[in-house]
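Just so it is clear, none of the values below were taken in a lab; they were calculated from the coordinates. What you are looking at is a predicted structure, and each value in this text was computed from that prediction instead of being measured. Backbone-built Cβ (ideal geometry, glycine too); neighbour counts: all protein chains shown.
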Amino acid sequence: MLGARLSQFENREGVLVLALPRGGVPVGFEVARALHAALDVCLVRKLGMPGQEELAIGAIASGGACLLNQEMIRALHIPPRQVEAVTQKEAQELERREHLYRGNRAALDVHGRTLILVDDGMATGYTMRVATTALRQKIPRKIIVAVPVAPSAACREVGREADSVVCLSIPPDFYAVGEWYRDFSQVGDTEVRELLDRSQSQPGLSPC
């Protein structure tokens, strides 16, 4: 369904689908296949509140981009040393995933390309915003954020940074991304690698 909504980019030169691991990779794979576009990953990690990791206080991306929710950090009285500790921990995980997912393959060049940034959904939009910030530094032609589901507030926030946001469903009562899936089983590292390998080997998914 998301691929169909993005059909204007089908068979277009310079289009690159970037998926946010892990959950965004199965969605990104199907979008890339529908558009006959190349697929790569955009590595981003949510910064979770110590002791309550599902609550995002910010996000980081490969290359050093970082976005912190200073208002929430102040409201929850999280000391700077804890924020730094969480940031360092997630930076190490980013590096691990970079090597695990790509192996010896270099990241695809995004300069001057139309990027379709895909995830399985957005809750706060923080990870997507930091991904967009990191990619802007590499001077793409355009960044389109594409997700199956998100609240209106997240779409608005991300829309300030992306060139456009494509969202299939914007429910008025949104609590979590997983509520809107029949199967929201955790995506593992093995599945991510398999999908990236398949995208490299399929004729319709050219890296050019």
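For this structure, a couple of remarks:
- For the pair A176 and E13, a Förster radius of 41 Å applied to the C-beta separation gives a FRET efficiency near 0.60, rounded to the nearest 0.05.
- Ascending count of other beta-carbon atoms within 10 Å, so fewest first, for Y126, Y101, Y181: Y181, Y101, Y126
- For the range 92-193: rounded, prolate or oblate by the Cα gyration tensor [a/c cutoff 1.5]: oblate
- Furthest towards positive pole of dipole, A37, L67, V110, structure part the chain, Cβ charges: V110
- Taking the C-alpha atoms only, the angle from helix 126-136 to the longest principal axis of the chain is near 60 degrees.
- Cβ crowding within 10 Å ranks D163, D183 as D183, D163, fewest other Cβ atoms first.
- Helix 24-35 axis, angle to the chain major axis (alpha carbon atoms, nearest 10°): 30
- Rounded to the nearest 20 debye, dipole of the chain from Cβ charges on Lys, Arg, Asp, Glu: 500
- Relative contact order of the range 1-118, taken over Cα pairs closer than 8 Å and 6 or more residues apart, is 30 percent.
- Charge dipole magnitude, Cβ of K and R +1, D and E -1 - the range 46-100, Cα centre, debye nearest 20: 80
- Distance histogram for the range 1-106 (every C-alpha pair counted, 5 angstrom bins, percent rounded to whole numbers): 2, 11, 19, 17, 14, 13, 11, 7, 4, 1
- FRET efficiency for the pair D189 and L76, taken as 1/(1 + (r/R0)^6) with r the Cβ-Cβ distance and R0 = 25 Å, rounds to 0.25.
- Helix axis angle, 189-201 relative to the chain longest principal axis, alpha carbon, degrees: 30
- Fraction in percent of alpha-carbon pairs per bin - 5 Å, the range 46-100: 5, 19, 33, 23, 12, 5, 2, 0
- Most mobile of I116, I170, I60 in a GNM of the chain (Cα contacts under 10 Å): I170
- Taking a quarter of the surface of the Cα convex hull of the chain gives a mean projected area of 11.2 nm².
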